[in-house]
Each structure stands twice: as structure tokens, then as C-alpha cells.
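Colleague: Quick one: the structure is below, questions incoming.
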Amino acid sequence: MEKSEGSPDVGNREWSAAREPTKCREGCDSLVSMATAPDEDPYNIPMLVLASASPRRQELLRNAGISFEVHPADIPEDPLPGESAKDCAERLAREKALAVARVRPNLSPNDVVLGADTVVVVDGALLGKPSDAADAARMLRMLSGRTHRVITGVCLVAGGVARVSSETTVVTVNRLTDQDIADYVASGEPMDKAGAYAIQGIASRWIPRIDGDYGNVVGLPVALVWKMMREVSTQYPVPCNQKNRAI
């Protein structure tokens, strides 16, 4: 990726060795780092900046007890020609995280920006968010009575370094009647969801099973995010005055 003006290092460095722990700023002489004892305090992690306005991602993080702030990214979310679903999800997650990291003026070196993007894939066709009701109905007809994949790309940017991964869940959808589709589209629920459905909502009545992370289908694989945050915290120690910031 091209370097952005004013942020020459963001997303363009390899992971470095763990930095030396720094002293806390509020008169505390102790040193706090996940690198020293990662299992003694599982909440000794960086503060998260969520590069998304999605209420579903916010709810998933909140339910998991992960502190965060919200700073939505505003980037085009179109796939590139010939781009695979996994590559698309990971690229968009990375671009979202980098976009926020570059413009957030008060980003602490100990804060982590999280970008995420979810896509649905059926028979090789990539389904994002529907553009209108007709597009939503088209997507639902494609998913009806079939199995598809949900892929969420995840990117954490910390200390000017981007770390990218993704999660895939296989979802089975029962056969939908034309009336099912018409009523569901009329409910409005499909309109801002990848693949035009919400597994946690009305669409749950048509999904008999999944194989993989449920939260991934909702919009964020929290277990993967937590694992990545733990790994990041071994590289970038967390000052003790940041440990207990409110959710």
C-alpha cells in the first residue's frame, strides 16, 4: 500500500521486537506489560478504537467486556476486479483501520485501531450490503436452500504496524418462499447487512445450523480479535492508567 502523507510508517513496517515497558504517568512506579505475565491479568490489553459505526460490532465487543471507542472509517467498499472474497474482506478491514489511524490526531502509541469487513460468498459470488430492496431480494434468492460462507476480515493497527487476519463460518439456510423473501425485505432488516440477512434477527428462523464462529456471522469474530489484541499487547506494553478505562 502507498504510504500516506504525514504517516509514512503506518501499515508499512514488520512487527518489531517487544518494546521496553514504560513507567506509568500518574506516579506509579510499577511496569505493566502483557509480555511479562500475559495470564496474570487477562484485561491488561490496549485500548481499542473501533473503525466502524456498526451497532452489531459494538454490541459484540461490549458483551465480551472489551473496552473501545468508536471512530468510523469512510472508505469505498467495492471489491476489486478478480479479487477473492477473503482478500477483499482483509483488504477492506486493513484500509478501514489505516484510514482511522492516519487521521486520528490523539491516537496513543498504546491504542489499537480495529478495522473489520464482512462479506458473504455463495457459488463464488461475493455478496456485500444490498443497494436496494430488489438487490436484497436477489441475494436472498441466491442463499435460499443452500450453504454459503461468511468471511470477516480483521485488522489491528498498533504502533504504526498493521496486522491482518480473517475468520470463515459456513452457514446453512432453509428454502425461502417468495412470500418469506418479500416479507423479510419489507421488514427493513436486510438493508445494511452483508448478504442481506441478520442471523441474530428475523433470519434466524431460516438458519438451522452453522459451522464456525457465530459472532463472525453477526459481524465480528470476537475470539479472533481478542487473540490478536493479546498478541499486540506483548509488543506494545499498556500503561497502568489505561487498564481500566470504561467500556
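None of the figures in this text is laboratory data; all of them are computed from the coordinates on show. The structure presented is a predicted model; accordingly, all values stated were derived computationally and were not measured. As a convention, Cβ positions derive from the backbone with ideal geometry for all residues, glycine included, and neighbour counts pool all protein chains shown.
Colleague: Residue by residue through the range 124-139, which ³J(HN,Hα) values in whole Hz follow from phi under the Karplus form 6.51 cos²θ - 1.76 cosθ + 1.60 (θ = phi - 60°), with glycine and proline marked x?
Modeller: x, 8, 8, 10, x, 7, x, 7, 6, 4, 5, 5, 4, 4, 4, 5
Colleague: List the residues, sorted by chain then number, that are 5 or more residues from Ala73 or on another chain and whose placed amide H is less than 5 Å from its amide H.
Modeller: Here Ser52, Ala53 satisfy the definition.
Colleague: Still on this model: Can you tally the net charge around Ser52? Count Lys and Arg as +1, Asp and Glu as -1, for every other residue whose Cβ sits under 10 Å from the Cβ of Ser52. Mind showing how you got there, number by number?
Modeller: Details: positive: Arg56, Arg57, Lys96; negative: Asp117.
Net charge in that neighbourhood comes out at +2.
Colleague: Can you tell me the FRET efficiency between Asp74 and Met191 if r is taken as the Cβ-Cβ distance and R0 is 22 Å, rounded to the nearest 0.05? Spell out each step's value before the answer.
Modeller: Numbers: r = 19 Å, r/R0 = 0.86.
Step by step, r from the Cβ atoms, then E = 0.70.
Colleague: By counting other Cβ atoms within 10 Å of each Cβ, how are Trp206, Trp226 ranked from fewest to most?
Modeller: Trp226, Trp206
Colleague: Roughly how big is the range 47-242's charge dipole about its Cα centre, with Cβ charges of +1 (Lys, Arg) and -1 (Asp, Glu), in debye to the nearest 20?
Modeller: Values: 21 positive and 23 negative charges, 85 e Å.
Dipole magnitude for the range 47-242 comes out near 400 debye.
Colleague: Taking the Cα centre of the range 118-198 as origin and charging only Cβ (+1 Lys, Arg; -1 Asp, Glu), how large is the dipole, in debye to the nearest 20?
Modeller: 320
Colleague: A further question follows. Considering amide H positions built from the backbone, and no H for Pro or chain starts, which residues 5 or more places from Ser67, or on another chain, come under 5 Å of its amide H?
Modeller: Sorted by chain and number, the residues that satisfy this come to none at all.
Colleague: Using the Karplus equation 6.51 cos²θ - 1.76 cosθ + 1.60 (θ = phi - 60°), what ³J(HN,Hα) coupling, rounded to whole Hz, does each residue of the range 169-186 give in order, writing x for Gly and Pro?
Modeller: Each residue of the range 169-186 in turn: 10, 9, 10, 10, 10, 5, 5, 9, 7, 4, 5, 4, 5, 4, 5, 5, 4, 5 Hz.
Colleague: Moving on to the next point. With unit charges on the beta carbons (Lys and Arg positive, Asp and Glu negative) and the dipole taken about the Cα centre of the range 47-242, which residue among Ser233, Val161, Leu50 sits farthest to the positive side?
Modeller: Ranked along the dipole, the leading option is Ser233.
Colleague: Once amide H atoms are placed 1.01 Å from N in the peptide plane, what residues at a sequence separation of 5 or more from Ala198, or on another chain, have their amide H within under 5 Å of its amide H?
Modeller: Ala203
Colleague: Each residue of the range 204-213 in turn: what ³J(HN,Hα) in whole Hz from Karplus with 6.51, -1.76, 1.60 and θ = phi - 60°, glycine and Pro shown as x?
Modeller: Using θ = phi - 60°, the values come out as 4, 5, 10, 10, x, 7, 9, 10, x, 6 Hz.
Colleague: Using a basic spin-label model with each label point 7 Å from the Cα along Cα→Cβ, how many nm lie between Val170 and Asn63?
Modeller: Placing both labels 7 Å along Cα→Cβ, they lie 2.4 nm apart.
Colleague: Let me ask you something else. Can you check how the C-alpha radius of gyration of the range 47-242 compares to 2.2 N^0.38 Å, as a plain ratio?
Modeller: For the range 47-242, the normalised Cα radius of gyration is 1.05.
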